[in-house]
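Q: This is the structure I have questions about; it appears just below.
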Amino acid sequence: MASSTHMPPARFFEDGTALNRLLLEAPYLARCSDDKTATRVRPREYALRYPYMQVNRPGMVSWLVFDL
């Protein structure tokens, strides 16, 4: 595993937040990586440790994420 991966803060998993819902509805096997190529496929629990992670399931768009 890459050395730049880390465990996200506990606030990511607070009940009732949009971020928590996004993480719960993300695909079980999500694409992820350290750059925008998303070349790795990992279980959701490991994928969320990477800076880039797939949040929508294949064939379905339920989330639009904006970085403002």
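Q: Kindly put Thr17, Thr37 in sequence by how many other C-beta atoms sit within 10 Å of each C-beta, fewest to most.
A: Details: Thr17 12, Thr37 9.
If I rank by nearby Cβ atoms, fewest first, I get Thr37, Thr17.
Q: Follow-up question, since we're still on this one. Between Asp67 and Glu14, what is the spin-label point distance in nm, taking each point 7 Å from the Cα along the Cα→C-beta axis?
A: 2.3 nm
Q: Here's something else I'd like to know. Going by how many other beta carbons lie within 10 Å of each one, how would you line up Glu14, Glu25, fewest first? Working shown, then result.
A: Working: Glu14 10, Glu25 14.
Ranked by crowding around the Cβ, least crowded first: Glu14, Glu25.
Q: Which shape class, rounded, prolate or oblate, goes with the chain when its Cα gyration tensor gives a ≥ b ≥ c as root eigenvalues, a/c under 1.5 marks rounded, and past that a/b bigger than b/c marks prolate?
A: On the way: a/c = 1.58, a/b = 1.15, b/c = 1.38.
Oblate, because a/c is 1.5 or more while a/b does not exceed b/c.
Q: Which Cα, out of Tyr52, Val65, Tyr28, lies furthest along the positive dipole direction of the chain (beta carbon charges, K/R +1, D/E -1)?
A: Tyr28
Bear in mind these aren't lab numbers, they're just calculated from the coordinates by the rules spelled out. Nothing here was measured: the structure is a model prediction, and the numbers come from that model. Neighbour counts are summed over all protein chains in view; Cβ atoms, including those assigned to glycine, are modelled from backbone coordinates with ideal geometry.
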